[in-house]
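Notes follow once the structure below has been shown.
Every number in this text was worked out from the coordinates using simple rules, so none of it is lab data. Quantities reported herein were computed from a predicted structural model and do not represent experimental measurements. With ideal geometry, Cβ positions are generated from the backbone for all residues, glycine too; neighbour counts draw on all protein chains shown.
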Amino acid sequence: MTIVDSQVHAYEANTPKRPWYSVPNWPDHVTGDEMVAAMDKVGVDGAIFISAFSMYRYDASYAVEVQRAHPGRIAIVSRSTRTMLKWPMSSPTGRRRRAQSESASC
């Protein structure tokens, strides 16, 4: 049986490279590599990584970085998918995303 954790959070330490928007009362870091090592230790096959909005806001780049480092193990949920997906403009989703980003920048 495949075991998937339905909600995990991973984040780097608060640094100028990847500054936090706010500082929660959490450990200094729980990196993607640390998360996958913990999953291996307890027999979890995969996880749904919820990008830490309170820390990174709409920047999902760390979630993307972790998912790319661990393909087949991590799926991503984020409030912003612009950094994750490149939708063809010929698709309805691509046209909608383009219209949303243009109206947001006005």
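Numbers at a glance
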read-out: Residue that is farthest from Tyr21 (Cα to Cα), among those in the stretch 54-73 that are over 9 Å from the mean Cα position of the chain (by Cα) and of a type outside the set (Lys, Arg); value: Gly72
read-out: Any pair with Cβ under 9 angstrom, 6 or more apart, that starts in the stretch 29-45 at a residue that is exposed (fewer than 15 other Cβ atoms within 10 Å of the Cβ) and ends at one that is assigned to a loop (DSSP other than H, G, I, E, B) and of a type in the set (Val, Ile, Thr); value: Val42/Ile3; Gly43/Ile3; Asp45/Thr2; Asp45/Ile3
read-out: Among the residues listed as Asp59, Asp40, the single one being of a type in the set (D, E, K, R) and within 16 Å of Arg79 (Cβ to Cβ); value: Asp59
